[in-house]
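Notes to accompany the following structure.
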Amino acid sequence: MKKELTTAQMLGICLGDFARAILSGLIVTYTLKFFNVTPSSGLPLLIPAGMMGTLRGIGVIFDALTDPWVAGLSDNCKAKGGRRLPFMKWAAIPYAAVCLLIFFPPKGELSNINIVWVAAMLLLYYLFSTLYNVPFNALQQEIVTDTKKRVFFYTLNSLMFVLGSAVIYVLPVMVSAFKGNGMEPITAWRISLGVFAVIGAVCCIIPAFVVNEKDYIETYKTKRTNMLENMKAAFSYKEYVIMTIGYLIMQAGFSFFNGALLFYIDTLLGLNESFATIVLAISIVVGICTYPLVNKLVRKIGKKPLLLGACISYVFIYLGIYFYRPIADLISTDIMKPGFITSLAGEGTQVGCVAVAFLIGLCVAFPIACTNILPPSAFADMAQYDRIKTGIDRTGMFVATRQFCNKMAQAGVTVIVSYTMYLGATDSYPTKYGVQMTALIAAILLAIAVIVYSRYQDKEIVAYIDEWNAKQKAGKV
């Protein structure tokens, strides 16, 4: 038996997920906000309106195509330091640096040079993201083999990712503070983005030095096969097929939330964009409080009911955003009185709109907890099941196969979100109708995910792994 991780070591490794949330947040949330300008932003238009969605879509496709390549390199790596950690050590700093450079196109106005710059930096970002995250995700799946501890590990994993996702929404507050002190909007944005890129770089590096990989991971054979052969091997498991399809549809729907939250707050509800920080803070605090409940419920009823409940909740949340106007009016049409909340939301905002923003943060908390913890744990179970059954370690390829499908779906979503927000536009600004439609499309996607997840069964896989682990501890294998 190999060594088992301490809780402190688990936390150290999960800092990589905090970094991933920070860096992906800069891309998913703030490239749209930085390059799809609104009248209140004060930012110059650097590339054509809506083009960022296309560029990101191309980048995500490139990212998906490089996943299997990097997975093969990692699975077959013979480096002294292991198969995963060397990639993480070398990719961490470029991963964060290129992420920041996206926001520094050379021209200060609309220019083809800026388009080329942003496209090139995005491709480099996705390349270094793959070089770091595919080995990192494979390491996570291999390093914890007990199915119950795995749920706890992915709870910590989710905690770090959610905290990172929340912290990233402090960025508009920083921007507002800098602008309030007389700084130019574009400079305020770039300094704030730089701070978070540095945090991301530091948190990427730490997990690569927390453990000696070979002390904690069982040694299995590797098999040099092409991408199609590995995809065939992964998809030979029915539950993997169901989970992958459900996961990519669910993530596609949730991508609308990540990409459009700031627009839900300012364009629909008429609040200051920095109020998104309050919404995320509510979801984080409430979500963290539900983590023990998620762990307890998984042990009692399994993963499937919780996944179904989470996706159904998402459907109602998105429908609530789509029908925000009648809901807000039903709550109250009064104008907010002067006070602390009003200072955050903005003068002249409606009580009902502030209440809807609070409800979004409150209602999304438990579904986020479930969907952040359970799918990664399920995929890790299936990768371990394959290792035990075949004696071949292709964890990296299992990660890459899932991410390939997921990212191809997200590539389409990225383009749809960016252009849907401009439905009915007569200028270069998103419309309320367009932003509403992103919520309706997301609700439909999550409803489809419910149908897919309803066919998921994992009890046989978990039972097989538990039996194997028990035999190992007893020295019978």
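No lab work stands behind these numbers, since they all come straight from the coordinates. Note that this is a predicted model, so its numbers are computed, not measured. Backbone-built Cβ (ideal geometry, glycine too); neighbour counts: all protein chains shown.
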Handout entry: Cα-based helix-to-principal-axis angle, 112-143 vs the chain, degrees rounded to 10
Key = 40
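Identify the trypsin sites (Lys or Arg not before Pro) of the stretch 32-97 meeting these criteria: DSSP loop state and at most 15 other C-beta atoms within 10 Å of the C-beta.
On the way: sites: Lys33, Arg56, Lys78, Lys80, Arg83, Arg84, Lys89; in loops: Lys78, Lys80, Arg83, Arg84.
Counting only loop positions with at most 15 other Cβ atoms within 10 Å, the trypsin sites (Lys or Arg not before Pro) in the stretch 32-97 are Lys78, Lys80.
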Practice task
Please check the chain for the longest run free of GluC sites (Glu not before Pro) that are loop-located per DSSP (anything but H, G, I, E, B) and have at most 15 other Cβ atoms within 10 Å.
Solution key: 348-477
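Taking a quarter of the surface of the Cα convex hull of the stretch 1-95, what do you get in nm²?
On the way: hull surface 36.6 nm².
Over all viewing directions, the stretch 1-95 projects a mean Cα-hull area of 9.2 nm².
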Exercise for the section: Give the relative contact order (percent, whole number) for the chain; include only Cα pairs under 8 Å separated by 6+ residues. Expected result: 28
Exercise for the section: Of the listed values [x] 79, 47, 42; [y] 136, 64, 45; [z] 71, 48, 37, grab the one calculated as Cα extents along the principal axes in Å from the structure here. Expected result: [z]
Problem - Residues Val202, Val98, Val37, sorted so that the one with the fewest Cβ neighbours within 10 Å comes first - result: Val202, Val37, Val98
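With Cβ to Cβ distances under 13 Å as the rule, what net charge do the other residues near Phe161 carry (K, R +1; D, E -1)?
Working: positive: Arg20; negative: Asp17.
Result for the local shell: 0.
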Exercise for the section: Using per-residue counts of other Cβ atoms within 10 Å, averaged over each peptide, order 203-209, 41-47 from highest down. Expected result: 203-209, 41-47
